[in-house]
2 protein chains.
Amino acid sequence: MDATKARLKFWGWGYETEHLTPEEVGRLEAAYAKRFGVARFEATATPRAEEIELRKPRVQPPRGLDDLCSVDHYERLLHSYGKSFFDSARVFARDFSNPPDVIASPRNEAELVATLAWCDSLDAVVIPWGGGSSVVAGVEPPRTDRPIVTVDLKRLDRVLEIDEVSQAARIQAGVYGPSLESQLKPSGLTLRHFPQSFEFSTLGGWIATRGGGHYATLHTHIDDFVESLRVVTPAGVMQSFRLPGSGAGPSPDRMFIGSEGTLGIITEAWMKLRPRPTFRAATSARFLDFYRAAEAVRAIAQAQLYPANCRLLDADEALINGAGDGGRSVLVLNFESADCPMDAALARALEIVRAHGGEYDAPAIKGEGAQRQGAAGQWRDSFLRMPYSREVLTPRGIITETFETAITWDRFAQFHAQVKAATERAIKEVTGRPGLVTCRFTHVYPDGPAPYFSWHALGDKTRLVEQAWAIKTAASDVLIKLGGTITHHHAVGRDHRRWYDRQRPALFAEALIAAKKCLDPKGMLNPGVLVDPAP
Amino acid sequence: MDATKARLKFWGWGYETEHLTPEEVGRLEAAYAKRFGVARFEATATPRAEEIELRKPRVQPPRGLDDLCSVDHYERLLHSYGKSFFDSARVFARDFSNPPDVIASPRNEAELVATLAWCDSLDAVVIPWGGGSSVVAGVEPPRTDRPIVTVDLKRLDRVLEIDEVSQAARIQAGVYGPSLESQLKPSGLTLRHFPQSFEFSTLGGWIATRGGGHYATLHTHIDDFVESLRVVTPAGVMQSFRLPGSGAGPSPDRMFIGSEGTLGIITEAWMKLRPRPTFRAATSARFLDFYRAAEAVRAIAQAQLYPANCRLLDADEALINGAGDGGRSVLVLNFESADCPMDAALARALEIVRAHGGEYDAPAIKGEGAQRQGAAGQWRDSFLRMPYSREVLTPRGIITETFETAITWDRFAQFHAQVKAATERAIKEVTGRPGLVTCRFTHVYPDGPAPYFSWHALGDKTRLVEQAWAIKTAASDVLIKLGGTITHHHAVGRDHRRWYDRQRPALFAEALIAAKKCLDPKGMLNPGVLVDPAP
């Protein structure tokens, strides 16, 4: 987040000043009009802050904390929702019926501790807030009579210490992606964790949700870059030893990584960095058959070549993103290194591509441009623009949602076919007309891919949430029945709870609840997410 | 373990039929005689099973479990200790004052569940036992009035299922290293996890202790190869989803990985495999200065070249193991791949070696011999022989012990110097004469090495345990004060508890105790290890 820019939108993605251009909107409308066979779309107006009436704050900031707490109308709107389709649909329906009562933005750990103490005294619910980019209702206040205090970490935004020898840094959790990288820049080091939400999400949010980042192979989640954590819990502060590796008992960090704000609030982390890459070797390849392309990706992953990017788009996904002709799947490949040329690795990957019937462009080697050309560049631009389209589509009744998973290769083809078919069937049943379901791989492992599905449907503006939820339910039911994870990197939040409850071993849930009761005895932190301790 | 061979020694490493040759013993004696300036050593005789009188079993196996339970004299001797110096010293002192009462070897999960139910009914203590190669008293019965049942998993020794498409296998936890690899062999796949204890340790043991394996970089611990776990706890059975990757909440597997038998008994795991390597590129390099060599290792690790082996031996360590002349540190380098030549990676690593003043042999490329030549081969042979020397040295009053840790690069040089000096000082103070402290790196990370220290001292045969403990305490106190981990891959067990208690965040301990109380309400499993729940 950049304080010199405009405010963040409470109704959509990014700053109030940033939108799709009228030309982009026109192209989107035309494409969806053609797909759904409708003449034109009627757009619900974007809500203005003034037209929304919010429930009065049920509690007021106490003296001593008043300069870090806010009951401001805009702040409460902004902190009401994350950024999923369900959030967008409720925003355009002017449904702000459950805002947080107070937004607290502590400037240091002492203020955070004081905030939690105050919340404890009120028996309040605390919602930890990073960038608010959750697409799984991870930062949404639950329905409760208890006061709700959203704790926005945005003021803990500094890189505190850079260790250039070990290539690591101690970083506050509330820092947004761009500020994190610009503070690291003078050292020549980078975290290189670039989720789609990079500009509007925070280090603490990535760690709390086990975010997936830049690397398509090897170090796929933020988990692998954590050296140590500092976490404020209602029961006190937890600080782990800073270590490159350890075998001393179950990892303390791994208990908090992915805890989604239910066990404590991450305030700092020592993170592993690396020098900025100077060598690149990149290209993209095309395949007539998606499953044949998947076999090529499997072979590349199992060859332990470790491409930084290895993203397979099915033909529809490639078409939508301007990276393909709609007839062929596209594989975007990129190798990078700060130390040595990667030409040989790319050449070996392309041998594998050829052996699986793929065709590819002449590789681009070295230089900043290497990964930005051709299909890869098109896809990347489209990827970063995509979140802005929701505030155009939702008011036109167009539902676009995504879900992502991971599965081992032996089950992949059948899994993909069944999940895609179930989603298509649900769209047809729920909306009365066919939609579109596309798939890409965001990350791949030697033992399986992480498929990411996008779907598009024309809904009924009076019941968009209900329709989208029915479709999501149908897709998730099949996905979990076939043994996929309910999330590879979007997190569980409140939206995935019912399927996470089937995935997560029952005994582990009990152990996690026991741990939570110990760290958060009053169940203050993000209730409804991950587990529900009995009162 | 190979059932066709002789019995395992209760007094030392390996099978009863395997020993150092008289020539090897002669060389060892001569070397230590020279080092400690003594004329000759008097050796205490190896204990015979018949001369040891054991406490009568305080409980007898019940009807229904009698064919899987044993109160056999030899079995109780064998299961009394692990394989540390402290264990060896007590063995030669004929101190078997606290044997387990019963050894249970269930043949399947139902029998394991029945065994735990029986133990629960007795209020017994259960010691989960893999190969018994613990060097941290992880499998030693605690002093208690409760009956002690050691559960030896050796009969759960099958590879149940191999998925050649995903390159993974479902494997029972009690399988020993050689049997595991030989069952995998027809598939062409391998786990390639080769701890020093490989021949006499089990998959379940590796997972329960976060064992360190073959790979010096990248995938250093067994942790990274686990797809899913099946664990029998006193509260029931826990089975996680089999997934190549997931971001769904804190990882259930990561709670049990490293839990050292305190939360449950691992019975099965899906493990990630890979094809056997067919390409190798290896050599060794020499450096006049250990710290300069460490800088070279840092540069190689930070170049993300990912050598399979990257083991730095200081000059004394190299000399002792026949891999060096005693004047120079030796770096053993090996790259391997099942897919493509690794010459370029080795060449780049050797550029780094040269830039740091290292000299190296002509690289050996490809073929099985590539990693077995020269210093590397010498070191490897010595490494595998080493555990057999303890039964020769302990009866001569020679204390040899090791401890291992990890630390970030920025702190490494000072850390190494202070830990080494403290250990040397302690040896002098405790034994009255100088000893020897050597160091190697077993694993390295971009942000720090895992230094492994060995030390040698001439003790007083009447108080070996007390002397060795005083030296270990001095070393560990400094190590933990300077921020190293108390163990990188040997585990915590009972021996490291007092330092682990300082390393492990207090709040995490509370959370772990809460989880344990939920999974093991009566505190049946491996009490004294990791945490002590209040009764």
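Structure above, values below:
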item	result
Sorted by Cβ neighbour density within 10 Å, fewest at the top, the residues B:Asp314, B:Asp145, A:Asp163	B:Asp145, A:Asp163, B:Asp314
Structure-based [θ]222 nm, chain A - -39500 (n - 2.57) summed over DSSP H runs of at least 4, per residue, nearest 500	-9500 deg cm²/dmol
Local electrostatic count, B:Ala344, Cβ distance below 13 Å [Lys/Arg +1, Asp/Glu -1]	-2
Dimensions (Å) - the stretch B:394-434, Cα atoms, principal axes, largest first	40, 18, 9
Ratio Rg/Rh [Cα only; Rh per Kirkwood] for the stretch A:84-237	1.00
Alpha-carbon centroids, the stretch A:417-481 and the stretch B:242-318: separation in whole Å	39
Rh (Kirkwood; distinct C-alpha pairs) - the stretch A:397-502, Å	13.9
Using alpha carbons only: equivalent-ellipsoid semi-axes of chain B, gyration tensor based, whole Å	35, 29, 22
For the protein assembly as shown, Kirkwood radius (reciprocal of mean inverse C-alpha pair distance, Å)	30.5
Chain A: relative contact order as a whole-number percent, Cα under 8 Å and 6+ apart	16
For the stretch A:42-152, diffusion coefficient by Stokes-Einstein and Kirkwood Rh (Cα), 20 °C, 1.002 mPa s, µm²/s	148
Neighbourhood net charge (15 Å Cβ-Cβ; Lys/Arg +1, Asp/Glu -1) for A:Val113	-2
Average projected area [Cα convex hull, the stretch A:159-275], square nanometres	7.1
Residues of type aspartates and glutamates that B:Lys34 reaches as a straight line, Cα spacing below 16 Å, ignoring anything fewer than 8 places off in the same chain	B:Glu24, B:Glu42, B:Asp316
Compactness of the stretch B:325-450 as Cα Rg over 2.2 N^0.38 Å, two decimals	1.30
Proxy reagent accessibility, fewest Cβ within 10 Å first, across A:His496, B:His416	B:His416, A:His496
Positive-end residue of B:Leu305, B:Gly131, B:Ile257, charge dipole of chain B with Cβ unit charges	B:Leu305
17 Å Cα-Cα reach of B:Lys481 towards lysines, excluding residues that sit fewer than 8 places from it in its own chain	B:Lys420, B:Lys472
Cβ charges +1 (Lys, Arg) and -1 (Asp, Glu), total dipole of the protein assembly as shown, debye	40
Exposure proxy ranking, count of Cβ atoms within 10 Å, fewest first, for B:Arg292, B:Arg380	B:Arg292, B:Arg380
Point-charge dipole on Cβ atoms (K/R +1, D/E -1) for the stretch A:374-472, about Cα centre, debye to 20	280
Rel. contact order, % - alpha carbon contacts under 8 angstrom, at least six apart, the stretch B:397-502	37
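No lab work stands behind these numbers, since they all come straight from the coordinates. The model shown is predicted, which means the values in this text are computed figures rather than measured ones. Note that we place each Cβ from the backbone using ideal geometry, even for glycine, and neighbour counts take in every protein chain shown.
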